[in-house]
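No lab work stands behind these numbers, since they all come straight from the coordinates. Values in this document were obtained by computation on a predicted structure and should not be read as measured data. For neighbour counting, all protein chains shown are included, and Cβ atoms are generated from backbone atoms with ideal geometry for every residue, glycine included.
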Amino acid sequence: MDTWRVVRHGFLRSLEILLMLMVAVLTLTVLWGVFTRFVLGHQAEYTDELARVLLIWISMIGGALAFGEKAHLGVDYFVIKMDPEARKTLAIIVQVIILLLAVIVFMIGGWTLAMGQMAQKLPTMPWMTRGMVYLSIPLAGVFILLFAVESMITLIQTPADKIGALTKSEG
């Protein structure tokens, strides 16, 4: 189990670094766009489109990372009032729903969307296609799926009376 925690921590850290790099590039892109517009008199054509692409990737990968770190929003007022066994059952049902969402919507739907747009080039960045932009959706789905499977395994292995404490200490 310690090996898994080390691998998980390294994976989460890698996603954090990737996101930091994308945010840095997004910031520099926007600043360059503003500089070229107001100082040089003509905005660099690609800056708006690159900023949109980066924002999409940051949103999708960042959402998956937030899910993996249990930093997403949750309202558990009624859940904490439930019997421990009911809480555990509900937590497992939620993970199954998340698994289905990750596979059906993100992975299958996102892959279909991305592949359907692979021929359409972006106007100001012809080396990139819309499909490359949409690949962030199935990739985020894979990450969410991995985190949901991990959460489900943890939930199954955890005694019902420890489920409330488990979710609070990890979140």
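So if I take the alpha carbon set of the chain, get Rg, then get Rh from the Kirkwood formula, what is the Rg over Rh ratio?
Dividing the radius of gyration by the Kirkwood radius yields 1.09.
Given Cβ point charges of +1 (Lys, Arg) and -1 (Asp, Glu) and nothing else, what value in debye, to the nearest 20, does the dipole of the chain about its Cα centre take?
Values: 13 positive and 12 negative charges, 15 e Å.
My answer is approximately 80 debye.
Sort 61-69, 81-89, 38-46 by packing, meaning the average of other beta carbons within 10 Å per residue, with the highest value first. Could the numbers behind the result be given before it?
On the way: 61-69: 18.3, 81-89: 14.2, 38-46: 11.1.
Going from most to least packed, we get 61-69, 81-89, 38-46.
In whole Hz, what ³J(HN,Hα) sequence does the stretch 115-130 give by Karplus (6.51, -1.76, 1.60; θ = phi - 60°), x for Gly and Pro?
Computed from phi, the couplings for the stretch 115-130 are 5, x, 10, 5, 7, 8, 7, 6, x, 9, 9, x, 7, 10, 10, 4 Hz.
From the phi angles alone, apply the Karplus equation (6.51, -1.76, 1.60; θ = phi - 60°) to the stretch 93-101 and give each ³J(HN,Hα) in whole Hz, x where the residue is Gly or Pro.
The phi angles translate into 4, 4, 5, 5, 4, 5, 4, 4, 4 Hz.
Would you mind putting 129-142, 92-105 in packing order, based on average other-beta-carbon counts within 10 Å, highest first?
Values: 129-142: 19.6, 92-105: 15.2.
In descending order of packing, they fall as 129-142, 92-105.
Full extension from residue 77 to residue 149: what is 0.36 nm times the residue separation minus their Cα-Cα distance, to one decimal in nm?
Details: separation 72, 0.36 × 72 = 25.92 nm, distance 2.46 nm.
Length gained, residue 77 through residue 149: 23.5 nm.
Explain nothing, just the number: relative contact order of the chain, from Cα pairs under 8 Å at least 6 residues apart, as a whole percent. Write down the numbers at each step before the final one.
Values: 162 pairs, mean separation 42.7, N = 171.
Taking the mean separation of contacting Cα pairs over the length of the chain, I get 25 percent.
Please list the non-local residues whose amide H lies under 5 Å from the amide H of residue 118, H modeled 1.01 Å from N, same-chain partners needing a gap of 5 or more.
131
In degrees, nearest 10, range 0 to 90: what is the angle between the Cα axis of helix 2-38 and the longest Cα principal axis of the chain?
30
For the pair residue 59/residue 8, report the inter-label distance in nm, with labels modelled 7 Å from Cα in the Cβ direction.
2.9
Between residue 128 and residues 5 or more places away or on another chain, which pairs have amide H atoms under 5 Å apart, with H built 1.01 Å from N, and which residues are they?
122
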